[in-house]
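Everything on this sheet refers to the single structure shown next.
The values are calculated or read from the model by the stated rules, or taken from the named source; none is laboratory data. Keep in mind it's a predicted model, so treat the numbers as computed, not measured. Here the Cβ is made from the backbone with ideal geometry for all residues, glycine too, and neighbour counts use every protein chain on show.
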Amino acid sequence: MIKINTYFNRFNFVLVPLLLVVSLIVLSTSSLYKISLAPYIIIDFLFTIPFVYFLLIRKKEIHKITVLSVFVLGVLLSSLLIPEENQGILLPIKSYLVPILELGIFSVLVIKARKLYKEFKNSSAGSFDFFEAITTASKELLPSKIASFLATEITVFYYVFFNWRSRREQKNEYSYHKEGTYNGVLIGVMLVILIETFVLHVLVVKWSLTFAWIISGLSIYTLLQFLAIFKSLRSRPVFIDEENRKLLLRFSFLGTAEVEIDNIKSITLSNGNDANEINHLAFIGGLTSHNILIEFKEAVSYKQFYGLQKTTTKLGVLIDNKEAFVAHVKTML
């Protein structure tokens, strides 16, 4: 009983609002629902639940701006559950207030990320970059999963449209884009997407113009994502943090592993023949290769798409100056 109470007190900020949400969903979809209840259900979704959530987190180490996430979720659920003709006050909120809130959150994230980036860039904090800055800023304002997704999307647009300056390699940084393996695969994928987009558009437009443009839009956005990955390779090098005895492994903004040097069991040069026995930091590792194999004493976690985590005891990475990198790490073991 004590364990149940402890668990509830720890996660009441999730459980109580969730219970209220489920109750409203059941009411909205049951035979008890009446048109006259619509305004009260909307008010509960938009104001009552966010207020209850605020009361539950006010003394916890959770950023208060997450209340806006609960509010936006309430708007979404109200829109799905309540017939449009009964939405009343919800319509102007969707049309005016929600876009203003989204723009406000986005502006705060960008400003905060820029401030963090400048602070770390001017300090001795090491190889800190835009993606880490926007991820840190997002996690201070939003739940972890939402923060990772949003940070990735913002980073895509940053590298596609704003990151044009070449970056000089700093001390203890090691590149992985000069070998040509990653570049060749990514360029090949982008060419396939480009050709496929044109061909599919020509074929589908004969059936449905709207559907053809939807498919083309998704394909173009996928192309932009791969372009961002391609451009970010040289901007996010691997970094050896000698001061904190850590190894920061990276592949674009879709592969990150922060490893304790003391947890490294061995690091060796590899010809890639052991690919079936290990995990790759790069999500296209199976299509390319690796020239270094790192084995850990205890399993480590690493991040890939949109903050998704995996664990492994063996990790294959590709480094341009592989001999120097392996020798550097071995001097710290």
Yes or no: the range 191-212 includes at least one residue that is free of Cβ contacts under 8 Å to residues at least 24 places away in the same chain and within 26 Å of PHE106 (Cβ to Cβ). no
Selection from the range 68-82 of residues that are in contact (Cβ under 8 Å) with a residue 24 or more places away in the chain and farther than 13 Å from ILE146 by Cβ: PHE71, GLY74, VAL75, LEU77, SER78, LEU81, ILE82
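Name the single residue, out of those in the range 283-301 being at pLDDT 80 or above and either among the hydrophobic types (A, V, I, L, M, F, W, C) or outside the structural domain of LEU269 (by TED's automatic domain parsing) (or both), that is nearest to VAL259 (Cα to Cα). Working first, answer last.
Quick first cut of the range 283-301, residues at pLDDT 80 or above only: 290-301.
Narrowing the set further to residues that are either among the hydrophobic types (A, V, I, L, M, F, W, C) or outside the structural domain of LEU269 (by TED's automatic domain parsing) (or both) leaves 292-294, 296, 299-300.
Values: ILE292: 15, LEU293: 14, ILE294: 10, PHE296: 9, ALA299: 10, VAL300: 7 Å.
Only one residue tops the list, namely VAL300.
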Within the set of pairs 6 or more residues apart or between chains, which connect a residue that is touching a residue at least 24 places away in the same chain (Cβ under 8 Å) and of a type in the set (Ser, Thr, Tyr) inside the range 18-40 to a residue that is exposed (fewer than 10 other Cβ atoms within 10 Å of the Cβ) and not in a helix (DSSP H, G or I) with Cβ atoms less than 7 Å apart? none
Residue list for the range 242-259, restricted to those being assigned to a loop (DSSP other than H, G, I, E, B) and under 17 Å from the mean Cα position of the chain (by Cα): SER252, PHE253, LEU254
Can you tell me which residue in the range 302-333 is surrounded by the fewest Cβ atoms within 10 Å (Cβ to Cβ), limited to those that are among the basic types (Lys, Arg) and either in a helix (DSSP H, G or I) or modelled with pLDDT of 90 or more (or both)? LYS330
Quick one: in the range 106-141, of everything that is surrounded by 19 or more Cβ atoms within 10 Å (Cβ to Cβ) and aromatic (Phe, Trp, Tyr), which residue is modelled with the lowest pLDDT? TYR117
